[in-house]
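Novice: I'd like to ask some things about the structure below.
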Amino acid sequence: MRAVNDLADELSEADLAVFGVEDRVEMTGASVTSIGYSLEALPDRATFLGEAARHVAHARRSKHPLCFALVAFDHGTDGEGAKGHIAEEKFLGEATARWRDVLRAEDLMGRWGEDEFAIVLVNCTTVSAVQLCWRLREATPEGHSFSAGLVSFEGTETIDDLVDRADECLAQAKAKGRDRTVAEGLVDLD
């Protein structure tokens, strides 16, 4: 937190406006995890798709493996209204910060929906991606689970093709009882 406070002291009012911060108090009260990563730092769907398309193009050119996953939490937090939303966002922030510790620096994670996330795993085979999903599951805060749909880049498809295929796998994971990963081409993995 000290780094955030020091940064806030060094920034001018104009600099703060660039970050969408109206005053120094707001910045120093920001939610920051131990690794300096927050839910708000995740790219939204549009930004994620642009970056993911670049990763797919690179995998196509380099002929390196790439996997794409859609991950959805099986159940939200308890509570309704504003308090429920705040609790949900806090949980999602904690979960994604833990996941960031598991993912490699070159992997890309973005917010896909309210409680859904998309992940591009570069230079990663399907078997390694399934193992990574297990490590994400172990890092998920206790009492919560997720379902994942996982596909491998076959060399010619677009990011939209990968999204469609991963979405089908995610639907299968949910239909088979949740708290599991369905990887295209592999036996059911729960």
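Bear in mind these aren't lab numbers, they're just calculated from the coordinates by the rules spelled out. What you are looking at is a predicted structure, and each value in this text was computed from that prediction instead of being measured. Here Cβ is always computed from backbone atoms with ideal geometry, including for glycine, and neighbour counts include all displayed protein chains.
Novice: How large is ³J(HN,Hα), in whole Hz, for each residue of the range 147-161 in order, when computed from phi with the Karplus curve 6.51 cos²θ - 1.76 cosθ + 1.60 and θ = phi - 60°, using x for Gly and Pro?
Specialist: The phi angles translate into 10, 9, x, 10, 9, 10, 5, 9, x, 10, 6, 8, 4, 4, 5 Hz.
Novice: Still on this structure, I have one more. Take ALA46, project a point 7 Å from its Cα along the Cβ direction, then tell me which residues of the range 99-114 have their backbone nitrogen under 16 Å from it.
Specialist: Correct set: 111-113.
Novice: Report the label-to-label distance for HIS64 and LYS90 in nanometres (one decimal), using points 7 Å from each Cα along the Cα→Cβ vector.
Specialist: About 3.9 nm separates the two model spin labels.
Novice: Return ILE159, ILE119 ranked ascending by Cβ neighbour count within 10 Å, so the fewest neighbours appear first.
Specialist: So the residues, fewest neighbours to most, are ILE159, ILE119.
Novice: Most exposed first by the Cβ proxy, i.e. fewest other Cβ within 10 Å, how do GLU88, GLU106, GLU51 rank?
Specialist: With the fewest neighbours first, GLU88, GLU106, GLU51 line up as GLU106, GLU51, GLU88.
Novice: Given H placed on each backbone N at 1.01 Å, which residues far from ASP74 in sequence or on other chains put an amide H within less than 5 Å of it?
Specialist: SER145, PHE146, SER147
Novice: Order of 162-172, 138-148 by packing, highest average Cβ count within 10 Å first?
Specialist: Put in order of decreasing packing, that is 162-172, 138-148.
Novice: What is the distance, in nm, between label points placed 7 Å from the Cα along the Cα-to-Cβ direction at LYS176 and at ALA57?
Specialist: Going by the 7 Å Cα→Cβ label model, 3.5 nm.
Novice: Could you give me the ³J(HN,Hα) list for the range 129-135, computed from phi with Karplus coefficients 6.51, -1.76, 1.60 and θ = phi - 60°, whole Hz, x at Gly and Pro?
Specialist: 5, 5, 4, 5, 4, 5, 5
Novice: According to the square roots a ≥ b ≥ c of the eigenvalues of the Cα gyration tensor, what is the shape class of the range 96-190, taking rounded for a/c under 1.5, prolate for a/b larger than b/c otherwise, and oblate for the remainder?
Specialist: rounded
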